[in-house]
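Reading through the structure tokens given below for one structure.
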Amino acid sequence: MATIIQSENLNLWYGDHQALKDINLSIEEHQITALIGPSGCGKSTFMKTLNRMNDLVKSCRIEGKVTLNGVDIYKDMDANILRKRVGMVFQKANPFPMSIYDNVAYGPRIHGIRSHAKLDEIVERSLQQAALWDECKDRLKTSALGMSGGQQQRLCIARALAVEPEVLLMDESTSALDPISTAKIEDLCLELKKKYTIVMVTHNMQQANRISDVTAFFLLGELIEAGETKQIFLNPTNKKTEEYITGRFG
Amino acid sequence: MATRIEYDEELRDISSQIRAMGTEVKRAIDMTVEAFSGLDTERANQIMQHDDIIDHYESLIEERCIEIVVKQAPIASDWRKIASYMRMISDLERIADNCSDISMYIKRIAAGPEVHVPVAFTGMFDTMRDMVSDTIESFFNGDTKLAAAVIRNDEVVDRDFDVIMKEISAEIQKNPGHTDQFLDYLMINKYVERMADHSANIASWVTFIVKGQLRLQYTDRYRKNSES
């Protein structure tokens with residue numbers, strides 16, 4: 001197993017407020033890493049540093065290093081290239097107001113693919129990978145906004161996969177979904193990790209326990225504990241982790 | 001602000017019910033020792049009746065453990081406790097069953113002619129009784145040292161078992177007319193040895209509760225036997 005993303009002594013400020021403190025964490029390829037912690041602990045902020053989404057925040061200042069396959073993503077990588085390699089799916093499904101086909105083809109078109117045959121192939125492959133093909137192959141030209149919430153979220157996953165990223169970031173991507181849609185996305189993640197690396201932020205402890213290989217617990221901007229999920233949920237090393245995952249965090 | 005107050009109360013309540021069950025099991029053992037040493041059939045009947053109380057505790061606690069798993073989805077130390085509780089009550093219930101099994105044989109022995117009682121029984125009963133008491137204490141206090149001592153004592157009981165078995169075998173050869181009586185003692189011997197095993201099982205879960213490591217102590221013994 002190889003490290004695909006590495007954060008080293010990562011510190012981040014929003015103005016005067018320090019949101020991340022000396023984060024050192026390795027993300028291993030073909031694993032699902034769950035980031036857990038109470039609201040405001042820094043887990044989403046940390047995730048956004050992995051594809052430089054924080055660049056869009058004016059008051060944001062970063063020290064330390066994040067590497068993707070050994071390359072410093074803040075010094076030696078173009079943000080657009082980075083975001084192609086590290087895709088992201090958000091809490092709320094955000095399909096573009098266009099057809100299912102065009103949603104998936106959007107990224108490849110931006111990256112210069114014009115061939116219809118090639119785009120057809122990418123759309124089918126991405127929807128297959130997102131376990132959505134069978135449900136929408138007969139209505140690819142209809143609006144994505146007519147899909148159910150669970151389908152829309154899988155469409156967003158398909159859209160992220162269409163540009164063939166190496167890493168998929170999922171920020172509470174099932175929190176607005178019913179249990180069946182959640183289960184479909186969880187099954188999908190287990191399938192996708194064979195080809196991709198997944199980092200997910202979740203408030204659902206059972207979800208982190210069910211599908212992640214590694215769990216990292218954040219609190220007040222610090223990484224308190226990271227380790228094999230089985231160990232974290234059976235016998236966490238740190239008392240604060242134990243208190244948080246058992247719901248005794250007051 | 002404290003959270004999960006009801007959940008914590010429920011866990012404490014289950015724990016105190018298991019303690020109460022443990023007290024009843026220890027009482028059953030005390031009565032068994034008494035019935036055995038005096039071949040007291042009245043006492044033996046009381047032990048068998050007493051078993052209903054322990055069975056009731058087992059199903060009550062089991063139901064509450066299942067309910068808390070379904071409702072609260074316990075993890076980490078909570079889960080280690082609940083999983084161990086469910087194993088513990090099963091072992092405690094088996095120990096109480098063994099008391100009733102022994103009582104049945106006490107009644108059969110008392111109804112027949114008097115025979116020589118293998119001497120090692122006294123020590124074997126005492127060691128087993130201490131093991132049950134210590135294993136319950138170690139369980140609730142998270143005392144891994146005491147739990148390890150319980151597991152070690154299982155070997156003492158195993159040695160007593162072998163000594164008694166040889167003595168019974170010799171007695172049967174000397175007094176073949178009393179074979180039935182001695183076979184009843186042999187069964188009691190086996191039941192006491194099993195009670196010690198159940199105590200060691202409970203002790204092995206203490207390490208799991210405290211450190212999250214499973215210690216399957218009986219695996220070693222079977223391995224040793226298979227290699228000898």
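The values are calculated or read from the model by the stated rules, or taken from the named source; none is laboratory data. Values in this document were obtained by computation on a predicted structure and should not be read as measured data. Note that we place each Cβ from the backbone using ideal geometry, even for glycine, and neighbour counts take in every protein chain shown. The area values use the complete protein model at the heavy-atom level, side chains included, leaving out ligands, DNA and RNA. Shrake-Rupley method; radii C 1.70, N 1.55, O 1.52, S 1.80 Å.
Pairs of Cα atoms in the protein assembly as shown fall into 10 Å distance bins, from 0 up to the last occupied one, in shares of 4, 16, 20, 16, 13, 11, 9, 6, 3, 1, 0 percent. Listed by chain and number, the aspartates and glutamates whose C-alpha is less than 18 Å from the C-alpha of B:Lys174, apart from same-chain residues fewer than 8 away, are B:Glu114, B:Asp184.
Round to the nearest 0.05 the FRET efficiency obtained for B:Ala110 and B:Glu10 when R0 = 45 Å and r is the Cβ-Cβ distance.
Details: r = 45 Å, r/R0 = 1.00.
Computed FRET efficiency for B:Ala110 and B:Glu10: 0.50.
Taking the longest Cα principal axis of chain A as reference, the axis of helix A:149-161 is set at about 90 degrees. Among A:Tyr106, A:Tyr14, A:Tyr74, the largest mean-square fluctuation in a Gaussian network model of chain A, built with springs joining Cα atoms closer than 10 Å, belongs to A:Tyr14.
Between rounded, prolate and oblate, where does segment A:79-201 land on the alpha carbon gyration tensor, with a ≥ b ≥ c its root eigenvalues, rounded for a/c under 1.5, else prolate if a/b exceeds b/c?
Numbers: a/c = 1.58, a/b = 1.13, b/c = 1.40.
In terms of gyration-tensor shape, oblate.
Cβ-Cβ distance of A:Arg139 and A:Gln31, R₀ of 45 Å, FRET efficiency by 1/(1 + (r/R0)^6): the value works out to about 0.80. When restricted to Cα atoms, segment A:26-93 yields an Rg and a Dmax of 12.5, 34 Å, respectively. Look at the Cα gyration tensor of segment A:1-135: its axes a ≥ b ≥ c give a/c of at least 1.5 with a/b over b/c, and that counts as prolate. About the centre of its Cα atoms, chain A shows a dipole size close to 500 debye [charges on the beta carbon of Lys, Arg (+1) and Asp, Glu (-1) only; nearest 20 debye].
If you take the square roots of the eigenvalues of the alpha-carbon gyration tensor of segment B:1-131 and sort them as a ≥ b ≥ c, do you get rounded (a/c under 1.5), prolate (a/b over b/c) or oblate? Display every interim value, and only then the final one.
On the way: a/c = 3.62, a/b = 2.78, b/c = 1.30.
Judged from the Cα gyration tensor, segment B:1-131 comes out prolate (a/c at least 1.5, a/b above b/c).
Under unit Cβ charges (Lys, Arg +1; Asp, Glu -1), what dipole magnitude, rounded to 20 debye, does segment B:36-141 have relative to its Cα centre?
Numbers: 10 positive and 19 negative charges, 43 e Å.
Its charge dipole is roughly 200 debye.
Nearest 10 degrees, 0 to 90: what angle lies between the long axis of helix B:41-72 and the longest principal axis of chain B (Cα atoms)? Compared with the principal axis, the helix lies near 20 degrees.
Surface composition of the protein assembly as shown: carbon plus sulfur atoms contribute 51% of the solvent-accessible area (1.4 Å probe, protein chains only, all chains present). The helix-only estimate of mean residue ellipticity at 222 nm for the protein assembly as shown, built from DSSP H runs of length n ≥ 4 each weighted as -39500 (n - 2.57), is -20500 deg cm²/dmol after division by the residue total. Residues of segment B:67-115 that lose at least 20 Å² of accessible area (1.4 Å probe, protein heavy atoms only) when the other protein chains are present, relative to their chain alone, are B:Ala73, B:Ile75, B:Ala76, B:Ser77, B:Asp78, B:Arg80.
To the nearest 100 Å², how much accessible surface do chains B and A hide from each other in total, with a 1.4 Å probe? Write out the running numbers ahead of the final one.
Details: alone 11620 and 11780 Å², together 22290 Å².
For chain B against chain A, roughly 1100 Å² becomes buried.
Taking the Cα centre of segment B:4-227 as the origin, how large is its charge dipole in debye, to the nearest 20, when only Lys and Arg (+1) and Asp and Glu (-1) carry charge on their Cβ atoms? Each step should come with its number before you reach the end.
Numbers: 27 positive and 41 negative charges, 147 e Å.
Computed about the Cα centre, the dipole is about 700 debye.
Accessible area per residue for segment B:4-227, computed on protein heavy atoms with a 1.4 Å probe, is 48 Å². Can you work out the PRE-style zone for B:Met187? Point 7 Å along Cα to Cβ, and I want the residues of segment B:91-120 with backbone N under 12 Å. In segment B:91-120, the label zone of B:Met187 (backbone N under 12 Å from the point 7 Å along Cα→Cβ) covers B:100-110. For chain A, the longest principal axis of the Cα atoms and the long axis of helix A:179-192 meet at an angle of about 90 degrees. For the modelled label position 7 Å from the Cα of A:Phe249 along Cα-to-Cβ, which residues of segment A:25-40 have backbone nitrogen atoms closer than 16 Å? Counting backbone N atoms under 16 Å from the label point, the list is A:34-40.
By how many nm would the segment from A:Val57 to A:Glu121 lengthen if fully extended, with 0.36 nm per residue of separation less the alpha-carbon distance? Please report the intermediate quantities before stating the final value.
On the way: separation 64, 0.36 × 64 = 23.04 nm, distance 3.62 nm.
Between A:Val57 and A:Glu121, full extension yields an extra 19.4 nm.
Distance from the Cα centre of segment A:174-202 to that of segment B:28-64, in angstrom? Computed from Cα coordinates, the inter-centre distance equals 52 Å. Between the alpha-carbon centers of segment B:93-121 and segment B:147-164, tell me the distance in whole angstrom. Going from one Cα centre to the other spans 20 Å. For chain B, what is one quarter of the convex hull surface built on the Cα atoms, given in nm²? The number I arrive at for chain B is 13.7 nm².
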